[in-house]
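The values are calculated or read from the model by the stated rules, or taken from the named source; none is laboratory data. From a predicted model like this one, the values you see are computed outputs, not experimental measurements. Neighbour counts are summed over all protein chains in view; Cβ atoms, including those assigned to glycine, are modelled from backbone coordinates with ideal geometry. All accessible areas refer to the heavy atoms of the entire protein, side chains included, with ligands and DNA or RNA removed. Shrake-Rupley method; radii C 1.70, N 1.55, O 1.52, S 1.80 Å.
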Amino acid sequence: SQQGEEDPQALSIQEGENATMNCSYKTSINNLQWYRQNSGRGLVHLILIRSNEREKHSGRLRVTLDTSKKSSSLLITASRAADTASYFCATTGFQKLVFGTGTRLLVSP
Amino acid sequence: NAGVTQTPKFQVLKTGQSMTLQCAQDMNHNSMYWYRQDPGMGLRLIYYSASEGTTDKGEVPNGYNVSRLNKREFSLRLESAAPSQTSVYFCASSAGTGNSGNQPQHFGDGTRLSIL
């Protein structure tokens, strides 16, 4: 069974715009991770945010975590065509890492 | 630095055939994982290995066996392939221990397996 659920399932934007993806989960977590998957490739780790952290940045990526709402968001600022990919959240609960079903992002030039 | 290498990249099998998917990592990681990815299902854990010589079942282990040959290599075997096992299989490794998810996982590029 999936722990994290991403929203929206698909997102289409223009280059230069910001992209926001959300992840909701059901049970308490130790940390939450975001991954990117380009078509035909494996997943690439983007950011890990721990349960006692509220926000984390990495380049054009900003991740927030609200444990009271059991949700996280991934913001990609000034998106580029190369950001076109699927994005997955993965939650860690009791000795278990579980992936969501992903958001497909399309960035058009 | 190759990271996680999976072979083969593509394979077509007939129902009932057997097959071993190979995975090797060169990052000296303790933990290794096998996932399958199906449309609309995300990634589901088949088996994982917290260290050389140990393996544990994940969410969907039925129909599969694994071997942690040494610290670098972790293989996945389908003894009698079924059409329901048509999927993309990913191997991953992590510096963390077990399936605690306290460290990032590093993925190979997958094996696309079709079973007719």
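Assorted remarks:
- If you go through the stretch B:65-97 and keep only what is of a type in the set (A, V, I, L, M, F, W, C) and in contact with a Lys or Arg (Cβ under 6 Å, 6 or more places away or on another chain), you end up with B:F74, B:V88.
- Yes/no for A:C23 being more than 22 Å from B:V60 (Cα to Cα), in contact (Cβ under 8 Å) with a residue 40 or more places away in the chain and not small (G, A, S): yes
- Strands (runs of 3 or more DSSP E) fully within the stretch A:48-91 counting 2 or more residues that are among the charged types (D, E, K, R) and either away from chain B (no Cβ under 14 Å) or open to solvent by 20 Å² or more (accessible area, probe 1.4 Å) (or both): A:55-58, A:61-66
- Identity of the residue in the stretch B:88-116, within 25 Å of A:N38 (Cβ to Cβ) and away from every other protein chain (no Cβ under 14 Å), that ends up most open to solvent (accessible area, probe 1.4 Å): B:S114
- Every pair of residues 6+ apart whose Cβ atoms lie under 6 Å, when the first sits in the stretch B:8-24 and is of a type in the set (S, T, Y) while the second is open to solvent by 60 Å² or more (accessible area, probe 1.4 Å): B:S18/B:E79; B:T20/B:R77
- Search result, residues across the stretch B:33-55 that are part of a strand (DSSP E or B) and open to solvent by 30 Å² or more (accessible area, probe 1.4 Å): B:Q37, B:R44, B:Y48
- Only residues that are surrounded by fewer than 14 Cβ atoms within 10 Å (Cβ to Cβ) and on the phi > 0 side of the Ramachandran plot were counted in the stretch B:2-32, giving 2.
- Pair list, Cβ < 7 Å and 6+ apart or interchain, from the stretch B:47-74 residues that are more than 28 Å from B:T86 (Cβ to Cβ) and at pLDDT below 95 to residues that are in a loop (DSSP other than H, G, I, E, B) and open to solvent by less than 70 Å² (accessible area, probe 1.4 Å): B:A50/B:N30; B:A50/B:G98; B:S51/B:N30; B:E52/B:N70; B:E52/B:K71
- Qualifying residues in the stretch A:21-47 (those that are open to solvent by less than 20 Å² (accessible area, probe 1.4 Å) and more than 12 Å from chain B (Cβ to nearest Cβ)) - the one nearest to A:S79 (Cα to Cα): A:M21
- Yes/no for B:Q25 being within 14 Å of chain A (Cβ to nearest Cβ), polar (S, T, N, Q) and under 19 Å from A:Q33 (Cα atoms): no
- Test: residue in the stretch B:56-75 that is outside any loop (DSSP other than H, G, I, E, B) and within 14 Å of chain A (Cβ to nearest Cβ): yes
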